[in-house]
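The values are calculated or read from the model by the stated rules, or taken from the named source; none is laboratory data. This structure is a prediction, so every number in the text was calculated from the model and none was measured. Ideal geometry is used to build each Cβ from the backbone, glycine not excepted, and the neighbour counts take in all protein chains shown.
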């Protein structure tokens, strides 16, 4: 097999793993009612079970980068993906809510070690412009995973119950871990191919950077923080809407049913699927710039959000579908372009550490934004809902400030596109 075919085979396997990451993340929403009935639990505890995925996932991002750089991304993925598979199977077998929550924590811990190690592997197998394109395709696969956790999971649960579904997905996760171990290699030379030379590989190999030194190198660099702020404040809005408050907003303000609200929210997944490769293409084939794409897309996201903040209750249903699509479409640039910018800003041997630290910020933004929005809604509208149009409009106006910060931070991002760096003397 040629090197080109082999690297795309690696991408397909790692992409399948990333589909499962999103699937595990979104799965509880579809089977929540069945789980609550079967486990005889309350909605509050069910919320704890669903969110138990995110805490270990967020906390593991720095270790994910460190292990990718020191122990190796392939071995890191395999070991932790086995934990994720075990957690999914344990969830299917759980008879108490306590055991189910513990299983969900194990799932979050296991699948946390996929995204950053995958980016590390792609760094060695694809040139810089190709890396941006492949990371965009990777995010699109994440959107497919979110889709798979909706209607397909519902149909599977109808056929074999939610417990059977979790066990089957756990076994599939275990199979993908086996494929990663058998086929994926960290570098081309480990598979008998010539290494790439896109990062002065020989010079990089002569310089050893310790784990703590790598963290310090990243966090003390002024190049890191503008991108981190873009990620934090963008996710504060987007993940708060997509992950929690978008559904109540559509039902409270626009009177949609749960099914209709889910259909509208699914357009955010479509926006991610289409937007990610588009932003990569725009960056690498049209504008030849990371910074321009990042700033322009953030301005467009702000402009898209503006009418929602001031005309909150006046959107007809077709326009709601379009709004959720385009808002996600524009913000998809943060992952595709932002992570490429960070990867290009630091030495290759700590690229995993840099992207791992960056990956903390969107989860931190969501963790802060979701309860803050709820607290603000309670202060303005009836405590516990249903909330009024005015309450949501007020919250969305505050969200505009967050999106404005992303624009300001984007303007401070250092251009890292190879062609632009070459034009400026290799800056």
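Data table
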{"item": "Test set (1) under 30 Å from residue 386 (Cβ atoms); (2) modelled with pLDDT under 80 - residue 272 fails condition number", "result": "(2)"}
{"item": "Residue 286 vs. criteria more than 25 Å from residue 145 (Cβ to Cβ), surrounded by 20 or more Cβ atoms within 10 Å (Cβ to Cβ) and assigned by TED's automatic domain parsing to the domain that holds residue 386", "result": "no"}
{"item": "Residue list for region 125-141, filter: part of a helix (DSSP H, G or I), under 23 Å from residue 192 (Cβ atoms) and at pLDDT 75 or above", "result": "125, 130, 134"}
{"item": "Residues of region 399-427 classified as more than 19 Å from residue 227 (Cβ to Cβ), modelled with pLDDT of 70 or more and out of contact with any helix residue (DSSP H, G or I) (no Cβ under 7 Å at 6 or more places or on another chain), total", "result": "1"}
{"item": "Within region 314-353, considering residues that are in a loop (DSSP other than H, G, I, E, B) and either in contact (Cβ under 8 Å) with a residue 24 or more places away in the chain or not assigned by TED's automatic domain parsing to the domain that holds residue 264 (or both), the one surrounded by the most Cβ atoms within 10 Å (Cβ to Cβ)", "result": "332"}
{"item": "Selection within region 86-113 - surrounded by fewer than 22 Cβ atoms within 10 Å (Cβ to Cβ) and not in a helix (DSSP H, G or I)", "result": "94, 95, 96"}
{"item": "Whichever residue in region 1-23 is modelled with pLDDT under 90 and part of a helix (DSSP H, G or I) and, among such residues, is farthest from residue 131 (Cα to Cα)", "result": "23"}
{"item": "Criterion (surrounded by fewer than 23 Cβ atoms within 10 Å (Cβ to Cβ) and either under 23 Å from residue 348 (Cα atoms) or not assigned by TED's automatic domain parsing to the domain that holds residue 361 (or both)) met by exactly one of 160, 116, 121, 77", "result": "160"}
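To keep it simple, each residue is scored yes or no on (1) closer than 19 Å to residue 413 by Cβ; (2) within 21 Å of the chain's Cα centre (by Cα).
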site	(1), (2)
319	no, no
331	yes, yes
335	yes, yes
342	yes, yes
346	yes, no
351	yes, yes
368	no, yes
